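The values are calculated or read from the model by the stated rules, or taken from the named source; none is laboratory data. Everything quoted here is computed from the prediction, not taken from an experiment. Every residue, glycine as well, gets a Cβ built from its backbone with ideal geometry; the counts of neighbours run over all protein chains shown. The area values use the complete protein model at the heavy-atom level, side chains included, leaving out ligands, DNA and RNA. Shrake-Rupley method; radii C 1.70, N 1.55, O 1.52, S 1.80 Å.
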Amino acid sequence: MAGPSVECISYKLYYHFGEFAGRGEPVRMLLHLTGTVWEDSCCEKKVCGPAAVKQQLVESGEVKGQPLLFPPTLVDHTMSPPIAITQLPCIMQYLGEKHGLAGNSLQDRTRALQIAMTWNDLLAEAMTAFHPVKLNESYQSQKAEAQPFIEKFLASRLSPFLQFFEDNLRINDGGRGFMIGSSLSFADVAILNMLRGYSGSASQHYQDNQEIPLLKALEKRLKEEPGIKSFLGSDRTVNKFLDSFC
């Protein structure tokens, strides 16, 4: 089946192609929830590596002259000229604000961003633990060297992050609903993908962890949300969380 014409595309995601979910997966999920037409540019063209991804975007001429950093990068084609957004929490906040997935009050919107930024910090620490020798090389290439760092991360660094998320959920209606407010937001997408990464990267630790009952219950509820369930059953998801919590 032919893909959408360029004129129809609202967003383009630039992120590594590969057999891993990575930081592109939460953006894919959010894009699906917006109901807009979007393109997973590097996945379709099988481009991998930060420099190659950036080069593809530069050569496209879509955001000429705009500052670019590391992927993921979201290009909003509903703007004229198109604009580029980098940094995962910023991309999530941007899509959330534009499509009613950011909370209804300043307090809720601030808490949603706080949750996404804290998750980004967690990802940075996990990446360092799983890639202690060379950050840009695969986990498999340094698996033996990484083991003591992973054990230390799971034993001492992970718990404060998880407790923070559990506490945030608890103060919102006792943890019975969503991360913020009374409806789905990008904070829920952040937490769902955090838990997918946790269970995929450290499955036994996840199964044995009895300190996050509210988060685990939320994970089950979110996977039954119609939009999320639709995404997880589609060919747009990259449901492979093998290491590094993403």
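Details
- For segment 14-68, the percent of C-alpha pairs falling in each 5 Å distance bin, counted from 0 to the bin holding the largest distance, reads 4, 18, 26, 24, 20, 7, 0.
- Karplus 3J(HN,Hα) series, Hz, for segment 95-106 with 6.51 cos²θ - 1.76 cosθ + 1.60 (x for Gly, Pro): 5, x, 5, 6, 10, x, 10, 10, x, 9, 10, 4
- Measure of compaction for segment 40-170 (Cα Rg per 2.2 N^0.38 Å): 1.27
- Taking only protein heavy atoms and a 1.4 Å probe, the accessible area of segment 13-113 is 56% carbon and sulfur.
- Extension gain, VAL133 to ASN239: 0.36 nm times the residue separation minus the Cα-Cα distance gives 35.5 nm.
- Longest segment of the chain lacking trypsin sites (Lys or Arg not before Pro) that sit in a DSSP loop with at most 11 other Cβ atoms within 10 Å: 135-246
- Amide proton proximity set for ILE83, modelled H, under 5 Å, gap of 5+: ASP76
- In this structure the amide hydrogen of SER244, modeled in the peptide plane, comes within under 5 Å of no amide hydrogen from residues 5 or more places off or on another chain.
- Remark: segment 20-34, residue by residue, has Karplus-estimated 3J(HN,Hα) of 7, 6, x, 6, x, 5, x, 5, 4, 4, 5, 4, 4, 5, 6 Hz, where x stands for each Gly or Pro and the curve is 6.51 cos²θ - 1.76 cosθ + 1.60 at θ = phi - 60°.
- Probe 1.4 Å, accessible area per residue of segment 47-194, Å²: 49
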